[in-house]
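As structure tokens, the structure follows; a few thoughts come after it.
The values are calculated or read from the model by the stated rules, or taken from the named source; none is laboratory data. This is a predicted model, so every value here is computed, not measured. Glycine gets a Cβ as well: all are built from the backbone with ideal geometry, and neighbour counts include every protein chain shown.
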């Protein structure tokens with residue numbers, strides 16, 4: 001949209017066109033939004049989807065999708081989805097509890113300001129930095145481990161779990177919980193203390209307050225935030241790659257392997273079919289969320 | 001049209017003058033010369049009037065375009081300066097941190113322009129995939145390069161590289177004298193590869209080296225995969241990406257990597273040692289190639305002559321890279337002994353994977369690696 005274009009639009013919009021009907025140009029205001037959606041969401045998705053049907057020689061093929069049944073891709077798909085779901089649910093639960101603790105305190109208190117600022121930073125702290133922070137602290141050569149070990153606590157006695165998928169879940173929680181605090185806090189702020197007082201003055205118990213008043217109001221926001229956390233974990237790459245470099249346990253790593261193998265195992269079409277698989281999984285989760293949301297937003 | 005033919009005649013005159021100058025500047029070299037058109041297609045210095053004629057033609061061109069040569073990689077900074085000073089040729093060093101693929105892309109995109117790179121230093125996979133872009137040339141020390149390290153007509157020829165090795169922090173793990181030592185309990189969760197072997201070349205070579213050490217052949221990487229499977233079962237293999245940071249902090253005190261890269265960890269970790277198992281000397285080398293559309297064909301060929309001279313080879317050696325003529329120079333006594341002594345020791349004949357062998361290894365790894373280490 002050029003600045004010069006706007007006055008022209010305004011004059012034309014006010015003038016009756018042939019046939020006496022006013023031709024509305026209000027939709028012009030949405031152009032930037034749709035331009036954004038098309039160029040950053042639809043176009044890349046379309047390029048990926050089309051590329052997924054291309055064979056190495058340029059023809060059309062379904063082979064890229066049949067490769068998705070390779071045993072290691074099936075395993076990676078299950079691992080990635082499970083990891084994302086678990087860290088989303090645990091992160092959402094713990095993040096919600098933390099948010100509640102903050103809300104019950106003073107609205108301008110030091111605790112709230114510190115936790116919110118820290119969450120803002122930590123929610124973006126994923127990647128190699130976070131992975132190395134874990135390696136350097138609780139990793140097998142980290143100072144925490146060496147200290148614990150010298151005091152008789154060898155928490156890696158049964159293997160170095162930090163470099164396994166469950167270990168990855170622990171690391172992911174370090175950016176999942178702060179993200180939950182950031183997105184769930186506004187919803188909690190919307191809960192008025194008067195509602196609780198009203199419940200109590202009508203003889204309601206704490207359980208009844210949460211079950212019939214606060215719960216139904218917060219649940220849609222909670223679900224939405226959980227979905228965001230799921231997508232956040234599902235698409236993460238650098239953290240996983242730094243901690244578990246061998247065997248590529250996450251789908252994002254499989255895409256990377258298929259795209260940029262320097263030993264000649266590059267299959268760009270296959271990489272795109274994995275991306276399509278990821279889009280489908282997130283779509284399915286979103287559909288499930290929408291159905292649940294519809295039920296949850298019905299009062300009681 | 002007139003202008004065109006005038007320039008052409010001027011050009012011819014210039015070439016003729018150069019040829020005369022070349023004759024004049026080669027004392028005792030006879031009447032040999034190396035014209036620009038001859039330089040473009042010549043496959044050796046001898047077939048273009050000899051070394052002196054090539055030097056004269058290169059000096060007349062006065063310029064050389066190189067690409068993707070970091071000054072701190074394999075001592076290239078010193079090499080570029082020495083070449084420029086020795087022959088008074090101005091070097092344009094483009095995109096020093098580029099990759100091998102970037103070099104090939106530049107050759108294709110810049111075509112016959114004067115900015116196109118004259119010479120390339122590329123990884124083997126890229127060299128083999130782009131042979132149609134290169135001009136054949138044999139340096140005068142061609143005979144010192146093993147047959148397995150060059151294309152017979154001189155389309156590409158390996159320049160420097162190293163051997164796959166096991167680097168380790170001797171303050172954190174016991175001395176390693178055989179690959180089977182890694183199965184011991186002192187190595188629990190400590191052995192790493194430099195990358196995933198289905199993706200990274202260094203890691204694939206790491207598995208192949210273990211394969212050779214366990215009695216396998218270059219044609220069949222099975223024993224290498226089995227070794228890492230057993231290492232994983234013993235709890236000794238760590239899936240962490242080995243980096244300078246993980247080496248420094250001790251998370252990956254044992255790493256399979258190229259010896260010249262591994263030896264560089266010694267600056268961070270003084271107790272770092274590099275070990276190459278007997279009978280498992282697996283080489284990995286970069287290769288030189290000349291752009292067939294090189295804008296400075298004589299300078300390009302002179303650059304190769306310089307790199308493969310004793311001076312050029314010793315300069316690479318000073319950067320911890322093993323020059324391709326090292327064995328021949330050791331025999332002839334022309335090697336820089338002080339620089340050679342800094343390299344990790346190896347005993348035996350180095351082996352090199354052919355393209356077909358590397359592909360077979362890759363295919364086996366893609367099918368079996370994940371199952372082996374999970």
Original post:
Within the bounds of region A:138-152, is there any residue that is within 26 Å of the chain's Cα centre (by Cα), within 14 Å of chain B (Cβ to nearest Cβ), at pLDDT 90 or above and more than 20 Å from residue A:253 (Cβ to Cβ)?
Top reply: yes
**OP:** Taking the residues in region B:317-356 that are within 12 Å of chain A (Cβ to nearest Cβ) and assigned to a helix (DSSP H, G or I) as candidates, determine which candidate is surrounded by the most Cβ atoms within 10 Å (Cβ to Cβ).
**Re:** B:355
Original post:
Residue check: is residue B:320 in contact with a helix residue (DSSP H, G or I) (Cβ under 7 Å, 6 or more places away or on another chain) and on the phi > 0 side of the Ramachandran plot?
Top reply: yes
Subject >> Odd one out for residue A:181, checked against (1) buried (at least 16 other Cβ atoms within 10 Å of the Cβ); (2) within 14 Å of another protein chain (Cβ to nearest Cβ) >> reply: (2)
**OP:** Determine whether region A:226-239 contains at least one residue that is buried (at least 20 other Cβ atoms within 10 Å of the Cβ) and within 14 Å of chain B (Cβ to nearest Cβ).
**Re:** yes
Original post:
Somewhere in region A:119-140, is a residue touching a residue at least 24 places away in the same chain (Cβ under 8 Å), more than 28 Å from residue A:244 (Cβ to Cβ) and either in contact with a strand residue (DSSP E or B) (Cβ under 9 Å, 6 or more places away or on another chain) or buried (at least 19 other Cβ atoms within 10 Å of the Cβ) (or both)?
Top reply: no
Original post:
Of the residues that make up region B:125-132, is at least one part of a loop (DSSP other than H, G, I, E, B), farther than 25 Å from residue B:315 by Cα and out of contact with any strand residue (DSSP E or B) (no Cβ under 6 Å at 6 or more places or on another chain)?
Top reply: yes
**OP:** Filter region B:169-207 for residues that are surrounded by fewer than 18 Cβ atoms within 10 Å (Cβ to Cβ) and either away from chain A (no Cβ under 14 Å) or in contact with a helix residue (DSSP H, G or I) (Cβ under 8 Å, 6 or more places away or on another chain) (or both) and give the result.
**Re:** B:170, B:174, B:175, B:177, B:178, B:180, B:183, B:184
**OP:** May I ask you to verify whether residue B:83 is at pLDDT 95 or above and closer than 29 Å to residue B:262 by Cβ?
**Re:** yes
Original post:
For the subset of region A:243-252 comprising residues that are modelled with pLDDT of 90 or more and in contact with a helix residue (DSSP H, G or I) (Cβ under 6 Å, 6 or more places away or on another chain), which member is nearest to the other protein chains (Cβ to nearest Cβ)?
Top reply: A:244
Original post:
What do you reckon, is residue B:210 crowded, with 24+ Cβ neighbours inside 10 Å, within 11 Å of chain A (Cβ to nearest Cβ) and in contact with a strand residue (DSSP E or B) (Cβ under 8 Å, 6 or more places away or on another chain)?
Top reply: no
Original post:
Does residue A:87 meet the test of being at negative phi, in contact with a strand residue (DSSP E or B) (Cβ under 8 Å, 6 or more places away or on another chain) and either surrounded by 11 or more Cβ atoms within 10 Å (Cβ to Cβ) or in contact (Cβ under 8 Å) with a residue 12 or more places away in the chain (or both)?
Top reply: no
**OP:** Could you check how many residues of region B:180-202 are over 24 Å from residue A:156 (Cβ atoms) and either assigned to a helix (DSSP H, G or I) or touching a residue at least 24 places away in the same chain (Cβ under 8 Å) (or both)?
**Re:** 4
Original post:
Name the residues in region B:109-124 that are surrounded by 13 or more Cβ atoms within 10 Å (Cβ to Cβ) and out of contact with any strand residue (DSSP E or B) (no Cβ under 8 Å at 6 or more places or on another chain), would you?
Top reply: B:110
Subject >> Index of the failed condition, residue B:31 passing every other in (1) modelled with pLDDT of 90 or more; (2) surrounded by fewer than 17 Cβ atoms within 10 Å (Cβ to Cβ) >> reply: (1)
**OP:** Would you check if residue B:100 is modelled with pLDDT under 90 and touching a strand residue (DSSP E or B) at 6+ places or on another chain (Cβ under 6 Å)?
**Re:** yes
Original post:
Among the listed residues A:222, A:234, which satisfies the condition of being closer than 30 Å to residue A:175 by Cα, modelled with pLDDT of 90 or more and out of contact with any helix residue (DSSP H, G or I) (no Cβ under 6 Å at 6 or more places or on another chain)?
Top reply: A:222
Original post:
Quick check: is even one residue across region A:272-290 part of a helix (DSSP H, G or I), within 22 Å of residue B:101 (Cα to Cα), more than 14 Å from every other protein chain (Cβ to nearest Cβ) and modelled with pLDDT of 90 or more?
Top reply: yes
